[in-house]
Structure formats: structure tokens, C-alpha cells
Amino acid sequence: MEFSIVNNNEKAVLLLHGLTGTPLELRWVARDFSKENYDVYFPILPGHCSSLEEIKNIKWQDLYRFTKDYYLSLKAKYKHVFVGGLCVGGMLSLILAMDFPDIDAVASWSPAMDIDGWAIPWYRFLLPFVLHS
């Protein structure tokens, strides 16, 4: 499933949400790009917007494969493709830019550059509530 705002332009933006997030996290960014006449795509990442069991079985490689395939489908249709993401979406954007230097621009908001575990123990119990709200 995807959300998109299509203006039938030759410029597209792919926006990727964060871990356990939804595309709605990026709706304001999408709206602003659309106002500037970009076609904007903000899909649901695999395992997201469903159940805790589904997201627990997703590996980062699954997320990257999805991101890469989505980018390539946009690249086949558009002259210019820009990529951006929040948190894990930001990391996926950066990895994609390393693999595809022809990406016109990349933006990464709050990327998870290092997981040191300092915050995980105290909020881990909240994850099931976040996923079901």
C-alpha cells in the first residue's frame, strides 16, 4: 500500500517513514513537496501498519530491498528522483544513495546512526502499545 500525491511532473520524491511508524509521519513534508509541484510517494514499509508479529519478522534487508525496488520503479518513470526519510527511513535513504549515486538529492531526518542500547531498556515495554494504537 502506498500514499501518493501526483501532479504529473517529471520530478518525484520518495519519502520513507520510521521504524514502527506510518507514512502519515511525513504528510507535512509530502504536502510541501507537492506544493512545489513534485510527485510525492510515501509507501508503507514492509511489516508496518499491521501486527506486532509481522514487524518482528522483518529484517533491515527486507526494508532495503523494498526501498531499492520502489526507487527503481520511480527512476523508470521520472527524470529526477529525490529520496528522504525519517529515522530508519533516513538510514534507508542514505544506504540507497550510496548504492545509487544518480539519486538527485537525499534528506535524512533523525537517522539511527548507532544503536548503543542506552534507551532501549526503559521504553521497550511500550512497543506493543505503540503498535496497537
A careful count of residues in the stretch 57-103 that are out of contact with any Leu (no Cβ under 8 Å at 6 or more places or on another chain), under 19 Å from Y38 (Cα atoms), part of a loop (DSSP other than H, G, I, E, B) and at pLDDT 95 or above gives 2
Could you list all residues from the stretch 47-76 that are closer than 18 Å to L15 by Cβ and either polar (S, T, N, Q) or in contact (Cβ under 8 Å) with a residue 40 or more places away in the chain (or both)? C49, T67, Y70, Y71, S73, L74
So for the stretch 104-118 (the condition being modelled with pLDDT of 90 or more, part of a helix (DSSP H, G or I) and under 23 Å from E2 (Cβ atoms)), does at least one residue qualify? no
Apart from one, (1) at pLDDT 95 or above; (2) touching a helix residue (DSSP H, G or I) at 6+ places or on another chain (Cβ under 8 Å); (3) aromatic (F, W, Y) all hold for F3; the odd one out is (1)
Of all residues in the stretch 93-111, which are surrounded by 13 or more Cβ atoms within 10 Å (Cβ to Cβ) and either under 23 Å from E10 (Cα atoms) or of a type in the set (K, R) (or both)? S93, L94, L96, A97, F100, I103, D104, V106, A107, S108
Odd one out for K79, checked against (1) in contact with a His (Cβ under 9 Å, 6 or more places away or on another chain); (2) under 17 Å from A12 (Cβ atoms); (3) of a type in the set (D, E, K, R): (1)
Scan the stretch 24-56 residue by residue and report those that are in a loop (DSSP other than H, G, I, E, B), at pLDDT below 95 and surrounded by 16 or more Cβ atoms within 10 Å (Cβ to Cβ). I44, L45, P46, G47, H48, C49
When the stretch 25-57 is examined, which residues are found to be within 11 Å of the chain's Cα centre (by Cα) and of a type in the set (A, V, I, L, M)? L26, I44, L45
Just to be sure before I move on: is L19 in contact (Cβ under 8 Å) with a residue 40 or more places away in the chain, within 22 Å of D104 (Cβ to Cβ) and buried (at least 17 other Cβ atoms within 10 Å of the Cβ) in the structure I sent? no
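Out of all the residues in the stretch 10-43, which are β-branched (V, I, T) and closer than 17 Å to T67 by Cα? Quick ask: steps written out before the conclusion?
Step one: list which residues in the stretch 10-43 are β-branched (V, I, T), which gives 13, 20, 22, 29, 40.
The answer is V13, T20, T22, V40.
The values are calculated or read from the model by the stated rules, or taken from the named source; none is laboratory data. Everything quoted here is computed from the prediction, not taken from an experiment. Backbone-built Cβ (ideal geometry, glycine too); neighbour counts: all protein chains shown.
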